[in-house]
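What follows draws every value from the coordinates through simple rules; no lab data is involved. Please read these numbers as outputs of a predicted model, since none were measured by experiment. Neighbour counts are summed over all protein chains in view; Cβ atoms, including those assigned to glycine, are modelled from backbone coordinates with ideal geometry.
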């Protein structure tokens, strides 16, 4: 049941983040004079749609019969060179003269369909006819939206309780209060030293031999140091604190204490500095994301190069480097099927942190100079502008489609790796 709930939550969160990204494109397009034909939440087929009349500015429900008409209508476009008219089957305006807002059946994202998305389009109100700076703002508005979502989430978490996940996680020390939850015992092995000492499930470990402990690793290390000896535990049961002496098992035994413990987590709280923490953490995670991508790329390139070495040890290290790339990448299956169930069961603060983390990752990925992504499209437009050459629709579609095929192939490979990891 936890896995099922986590998958549902994961789909909804990813749909929200992608829709926020597309909404960034939508706002920038409208502010820069580019017509938006349709803004959709989810992917088609459509469930319900509304259309805005450009003359009255009013919205009305778009009946299903008009959807079919939209699919089958071709627009007559004036061809000034030949001084006649021609039928344009790929003209995305179709019969439509207003913007459509739609809710769609597939909960896997969202989309913003602009008029004339090819850079070669010169019709007024199209993306292609927009100025270079306007295109830049439109393309990177989605990235900015994802960073903004992360900033808002981190700011709220800084106010209500920020989980600690990163080493050296950004805080403002002058306005940070840290609360630590003691380690909770989730089960006690029958016949163990813990049971003999009267320790029970759901007890909280507060201290060992007078020293406060705040995580399970500290407790395990302390037990190893005092294996086959006696230690004094301070615990809390309900509202009552008590102490008990535990005679630990020898070092070579199956276990020393005989309990399982829930991971404890520190929460930090801020007041006036919450927005600063939100911005600082967004920048910190962005830097860590790009750093991680750089390390992955280096491991991949160096690993592939090492495979051609005559030295067996070098080839082995190359295989390990390539393997580390696969282990550090997670695709849709890993994110939705593993991460979200785990973080959903860990509580709302942890789930919110993961949502912000993925939002930053989406922003960073879309900045990359891959033609199928926003950063790549901008680079393509920029290169042709600097070369003072026209980027034709055919050339743009060819480059973007090939890049998209490579990107989809990588996603498929990562998805297979995710399934193998989950199955094993």
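The distance from the alpha carbon centre of segment 127-197 to that of segment 202-247 is 30 Å, rounded to a whole number.
One decimal place: the segment residue 262-residue 230 gains 9.2 nm when fully extended, by the rule 0.36 nm per residue minus the C-alpha distance. Stretching the chain fully between residue 187 and residue 393 yields a gain of 67.7 nm (0.36 nm per residue, less the alpha carbon separation).
Note on residue 220 and residue 401: their simple-model spin labels are 5.3 nm apart, each label 7 Å out from Cα toward Cβ. Site pair residue 368 and residue 178 shows an inter-label distance of 3.4 nm when each label is modelled 7 Å from Cα along Cα→Cβ. Multiplying the residue separation of residue 311 and residue 4 by 0.36 nm and removing their Cα-Cα distance gives an extension gain of 105.7 nm.
The C-alpha radius of gyration of segment 182-264, expressed as a fraction of 2.2 N^0.38 Å, stands at 0.96. Exposure proxy for 220, 359, 306: other Cβ atoms within 10 Å of each Cβ, ordered fewest to most, give 220, 306, 359. A simple spin-label model places the labels of residue 276 and residue 144 2.5 nm from each other, with each point 7 Å out along Cα-to-Cβ. As a rough footprinting exposure proxy, the listed residues 213, 152 were ranked by other beta carbons within 10 Å of their own, and the order from fewest upward is 152, 213.
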